[in-house]
Each structure stands twice: as structure tokens, then as C-alpha cells.
Amino acid sequence: MEGIITAWGRILAGHKPSLSIEITRECPLRCPGCYAYGDEHLGGGVTLRQVSDYKGDELVENFFKLVDEHKPLHISIVGGEPLVRFRELNTILPRLAERGIYSQLVTSAVRPIPAEWATLRRLQLVVSIDGLQPEHDVRRTPATYDRILKHIVSHQITVHCTVTRQQVQRDGYLEEFIRFWSANENVRTIWVSLYTPQIGEQSEEMLTAGDRTRVVAELMQLRERFPKLQTPKGLLNAYLHPPDGPDDCIFAKTTECVSADLQTKITPCQFGGNPDCGSCGCIASAGLKAVGRHTLPGGIKVGSIFDASFKVGSVVRGLRERVSGSSTGVKPTAVGDASA
């Protein structure tokens, strides 16, 4: 509840409490269904691999210019593959911790995770894993199981699996996956999202309505048997009844998403493009929808408080931007590809 109150204050002040940054355009993986490199992710005309980005001291400096502008309580660092910029992150992550900002780094663990990150407060390491080893290694090479298991040693990670249609074709698949990672001493928690398509998309990754129902029912049972699996009932129910659209999504309204040039905004949420909100399986969206449904003493829903706060905050933000301007003044230049 304390976190909700703090976020509420940031919203009233006209700031989004969360900031998601694609820290680099580079990634050695070519994963099927990756939304970040989709043609429409940045609105069309340019893709993530085509934008300019930064490295070295220039990245650190401009990263914190963005942080100073948005004043977030929580930052998600995504990509591309963030570990391509591990040297810069060795400076960025400790500074975020010193500022009291909670950070979440989402990686494939394709390269070693610096050992010193294990001691950083307020840092959550999220490793994306696409199912059991045979399927994952095909989809995510060179970020294979063997590399992941070696690179997470000495850390406490969150395993994040996005369920696709391929994973629901075999009975017991999810249970086998969750059992395997629950037994790993370097895993603190396990998250499960459902694949979120773009409107009009036809792909092998897409779940049918029946698939979603079966996955949710299975997770309802598995959550009782595997304590590391973080799938509260409210979150799972939100997978069956996702937000109607961006205006109904607390996550979309509380998170500013910025691409690797540190200027281009990704809208309406981290997926960019034209996501099919009726088929949304984003764990952050579902989790915050569950929070919004919570009823406070007096019968007031948390979501109603957020809605009123967003209206006030938008007015405050508009006034502030008219006075000081909203641009960071950052003008990126293209850099060459770096090796992971």
C-alpha cells in the first residue's frame, strides 16, 4: 500500500511513476515473435535496429538526463539486449540504487551477469526463458540453457516465460518448466506472461481463447504447488479479462516507454505498434489491473483513485511542459554494433 500511495503522489504531480528504457538497439538473438524488433514497434517508418543509440560515457550521461526529467520511482531496462552495454550498466545500476530508484533489468543472460550486481539493492534481474530447453535453445540461440545456467550462478533471478501456442500443445509442459526452474537455487521467483499479438497478426505464437483458458486453469493449480511461481488469483483472472484498451490499462498510463535513442516514445505501451489489448497477456498490465480492482475501506476501488489522479496529473503536466518544455535536448548519433 505504501508503494501505491507514493505512486499516487507522482501521478498527481504529473509524472509517470515508471520508466521503461530500451538501453540499446543491439541484440545477438533473433527470437520469433519478438515485439521489440517488429516493423510497427516504433510506429512505422523506423525499427529498433535502425534508430541511433549510445554507448560509453555518452550513454550514462544521457540516461540520467532522462531519469532527471521523468523522476521515476521504478525503471525497467530492456533492449535489445541490455548486457551488450554491461560496462555502462556497471555505472548506471549502482547510481540508481543510491538514488533509491527500483530497477528491473530484463535480459536473455546471453553473456555473464557481473557478479557485483548481486550485491545491489533495489535491483531485480529478470531472465527471459522461452519454455523447456529443446524449444528455448532453438528460439533463443545463442542464449541457450547451458549459458543461462552458467551465467546466473551467484545471483537471485526472476525467470520470465511468455507462453506461446507451441508450449500448450503438450499436456504437462508448463508444469515441467516450472518444476525445473523452481528447483534451481539461483531462481527467486517465476513469472508467466501470455503472448500478446498485434491487431491483425496471424502467427504461430498466438494463443486461442481456449488456450488462454486452459493455461490460466493450469496456473491456478500450479501456484498452490510451486511457491516460487508468482501468479496471484487476481492476476490470472485479469488474463481472462484484460483491459479494454490503453485508456483502461493502469500499466500503460503509469509507464513512460522510451526507445534506444532516448527520445522516441513507444506507445501505447511497451509493445508499441497496435497491440491487441483484448488478447493482452502482459504480466505488468494484468498485475496492475488486479491492484485496480482492489477495494479500499469505504468501498472505493484503487482503480477509481488512479483514474481521478491521472486527470489531475495530466493538467499539472501540461502546465509544466508549457512553462519549461518537455524536450531533453538529447540528440543521439549512430554508433556501430557492439559484440555481446
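The values are calculated or read from the model by the stated rules, or taken from the named source; none is laboratory data. The shown structure was predicted, so the numbers you read here are calculated from the model rather than taken from an experiment. Every residue, glycine among them, receives a Cβ derived from its backbone with ideal geometry; neighbour counts consider all protein chains shown. Quick note on the areas: whole protein, heavy atoms, side chains included, nothing else; ligands and nucleic acids left out. Shrake-Rupley method; radii C 1.70, N 1.55, O 1.52, S 1.80 Å.
Simple rule: put +1 on each Lys or Arg Cβ and -1 on each Asp or Glu Cβ in the range 28-81, find the dipole, and look at L66, H41, G56; the Cα lying farthest toward the positive end is H41. The residue among A217, P297, N274 whose Cα reaches farthest toward the positive pole of the charge dipole of the range 199-308, with charges on the beta-carbon of Lys, Arg, Asp and Glu, is P297. Protein-only accessible surface at a 1.4 angstrom probe places the residues S108, S279 in the order S279, S108, largest first. Which shape class applies to the range 27-102: rounded if a/c is under 1.5, otherwise prolate when a/b exceeds b/c and oblate if not, where a ≥ b ≥ c are the square roots of the Cα gyration tensor eigenvalues? It comes out prolate by the Cα gyration axes. DSSP loop (so not H, G, I, E, B), at most 13 other Cβ within 10 Å: list which GluC sites (Glu not before Pro) in the range 168-270 pass both filters. Listed in order of number, the matching sites are E185, E204.
The slack in the chain from S203 to N184, taken as 0.36 nm per residue of separation less the alpha-carbon distance, amounts to 3.6 nm.
Roughly how many debye, to the nearest 20, is the charge dipole of the range 148-276 about its Cα centre, given +1 on each Lys and Arg Cβ, -1 on each Asp and Glu Cβ, and no other charges? Show your work: numbers first, answer last.
Values: 13 positive and 16 negative charges, 108 e Å.
Charge dipole, the range 148-276, about its Cα centre: 520 debye, nearest 20.
Could you sort out which of K233/K301; K55/K265; K65/K265; K150/K228; K71/K289; K65/K150 sit more than 27 Å apart by Cα distance in this structure?
Working: K233/K301 17 Å; K55/K265 19 Å; K65/K265 15 Å; K150/K228 20 Å; K71/K289 23 Å; K65/K150 35 Å.
Too far apart for the 27 Å limit: K65/K150.
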